[in-house]
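The values are calculated or read from the model by the stated rules, or taken from the named source; none is laboratory data. Because the structure is a prediction, the values reported are computed rather than measured. All Cβ positions, even for glycine, are placed from backbone atoms using ideal geometry, and neighbour counts span all protein chains on display. Ligands, DNA and RNA are excluded from the accessible area calculation, which covers all protein heavy atoms including side chains. Shrake-Rupley method; radii C 1.70, N 1.55, O 1.52, S 1.80 Å.
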Amino acid sequence: MGRGRLPARLGLACGLLLLLPGGWGGLGSRGTATRGPWEEERGPVAEGGPWGRARYEAVKKHLGAVGALSKQYWQYLACKVWQEHCDEEEDEQPSPSPGWSLPLVGQDYLEILSAWYCSFGKCCKTGDCRIINNLTGLEADLNGQLHGQHLAKEVVVQAVQRFLQSPRPEKALVLSFHGWSGTGKNFVARMVASHLYRDGLKSECVRVFISLLHFPHHKYVDSYKAQLKKQISETVQLCRQSLFIFDEAEKLHFGLLDAIKPFMARYDSKGQVDYQRSIFLFLSNLGGNTINEVALDFWRAGRAREEISMEFLEQRLRLELQEPEESGYACSLLLKENLIDFFVPFLPLEYHHVKLCARDAFLARGLPYTEAALDDVARMMVFVPKEEKLFSAQGCKSVSQRINYFLP
Ligand SMILES: *[C@@H]1O[C@H](CO)[C@@H](O)[C@H](O)[C@H]1NC(C)=O
């Protein structure tokens, strides 16, 4: 192991050296580099060595400041440059090969190398160009475009942020979205995909499963199971960070959960693939009535909906989801097995929220709008309950199509 592949690695590393912009003199010299820091018990930044301080500074200056390397990033880099750490299970010994291991080479050296590698556009800050993890953007866009959902916004942003920033999460992140249709569950799932992945929902690291579309017939559950398992395991092997979205989760056959469960469970160190960086989103309208009742109660009591707290709502949600009539739903199983990390409640939308959705729809098409036009769109929706006419029965669903009626 290790040693045998050294020449190949060096060749590749030197290839990179030669690609450096500007005259780097001795840096590109194959002989110097081969003899260099790899083989000799000498630090990469030792004076006079191929990585003398002056040159090191020059490289660093040239490339600009580089942030601290995450372990995953290092592994990615090591894999790309040296074919090392790509498949950890290949090596029986826990520590990497001697001679050129991490402590000897030194963090500074890695910084430079990684900066190079990235300067060729082959990798990104996250260590993989397909993954962008734009958390600031996610938060900003949810703030600007998700209306009336103070709880969902907060829970999603915090959960995703904490998960992605944790160096070694214990398990996959599992979020269960609940609420009536049109309240923004799909919208948020799409937002998460588009801010974590360059290609959004189209990314090869993102898979969307819609119960009635992908698994329509109960009699085929076994073959669905096999397919689902295959797709999930292929995706986690292809991507260091994957996102799985299950829409219409209330119609997800609980048998299919057997296929998904191993990927969500706590990380087992003996596992071949590291499943830890997977995010699972389950979208359902279960619990929607409970959420709406709570919102209505608050309104009737003259309290602002922003006063509804997560603690209060989660308790009610859990109770409802544990009721026998919901037991067919895979979620009750998820709940029982403690696989759900966060409930994400979506509150019913009021008239002024629908107007904001209409405004966004005009803006998205670059069309001018008037207050009257927004009112016209909002008035097309049905509001419930009968007496108060408080909540849009369809939330903001199809609002963007409805603006067609009001175009000049
Ligand atoms: C992050 O998202 C915001 C909002 O969508 C966007 O304006 C910004 O350009 C994104 N940043 C990166 C680095 O992709």
Q: Hey, can you grab everything whose amide H is under 5 Å from the amide H of ASN134? Only 5+ residues off in sequence or another chain; H modelled, so Pro and N-termini drop out.
A: LEU196
(Q) Could you derive backbone 3J(HN,Hα) for region 288-297 from the dihedral phi with the Karplus parameters 6.51, -1.76 and 1.60 (θ = phi - 60°), listing whole Hz in sequence and x where the residue is Gly or Pro? (A) x, 5, 4, 4, 5, 4, 4, 4, 5, 4
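So for ASP360, ASP258, what's the accessible-area order with a 1.4 Å probe, most first? Could the numbers behind the result be given before it?
Working: ASP360 35, ASP258 75 Å².
From most accessible down to least: ASP258, ASP360.
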Q: Collect residues whose amide H, placed 1.01 Å from N in the peptide plane, falls under 5 Å from the amide H of PHE391; neighbours closer than 5 in sequence don't count.
A: VAL384
**Q.** Solvent exposure ordering (accessible area, 1.4 Å, most first) of GLU234, GLU323
**A.** GLU234, GLU323
Q | For VAL344, residues with placed amide H under 5 Å, excluding near neighbours | A | SER176, PHE177, HIS178
(Q) Using a 1.4 Å probe on the protein heavy atoms only, what accessible surface does ARG402 show? Give it in Å² to the nearest 10. (A) 60 Å²
Q. From the phi of every residue in region 310-323, what ³J(HN,Hα) in whole Hz does the Karplus formula 6.51 cos²θ - 1.76 cosθ + 1.60 yield, where θ is phi - 60° and glycine or proline is x?
A. 4, 4, 4, 6, 5, 4, 5, 5, 4, 4, 5, 5, 8, 5
(Q) Can you compute the radius of gyration and Dmax for region 135-345, using only the Cα atoms, both in Å? (A) 16.9, 55
Q: Could you tell me which of the pairs LYS202/LYS229; LYS153/LYS355; LYS185/LYS386; LYS153/LYS336; LYS185/LYS261; LYS171/LYS389 are separated by over 31 angstrom between their Cα atoms in the structure shown?
A: LYS171/LYS389
Q: Any chance you could check the Cα centroid distance between region 282-307 and region 186-251 for me, in angstrom?
A: 29 Å
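Students sometimes get this wrong: rank TYR224, TYR351 by accessible area, probe 1.4 Å, all chains present, largest first.
Working: TYR224 20, TYR351 75 Å².
Descending accessible area places them as TYR351, TYR224.
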Q) How do the peptides 291-302, 240-251, 128-139 rank, highest first, by the average count of neighbouring beta carbon atoms within 10 Å per residue? A) 240-251, 128-139, 291-302
Q.
Whole angstrom only: what separates the Cα centroid of region 139-174 from the Cα centroid of region 346-408?
A. 26 Å
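What ranking, highest mean first, results for peptides 195-205, 172-182, 368-378 when packing means the other Cβ atoms within 10 Å averaged over each residue? Provide the component values of the computation, followed by the final result.
On the way: 195-205: 18.0, 172-182: 23.7, 368-378: 16.0.
With the highest mean Cβ count within 10 Å placed first, the list reads 172-182, 195-205, 368-378.
What number in nm² do you get for region 351-406 if you take the convex hull of its Cα atoms and divide its surface by four? Show your work: numbers first, answer last.
Working: hull surface 13.6 nm².
So the Cα hull casts an average projection of 3.4 nm².
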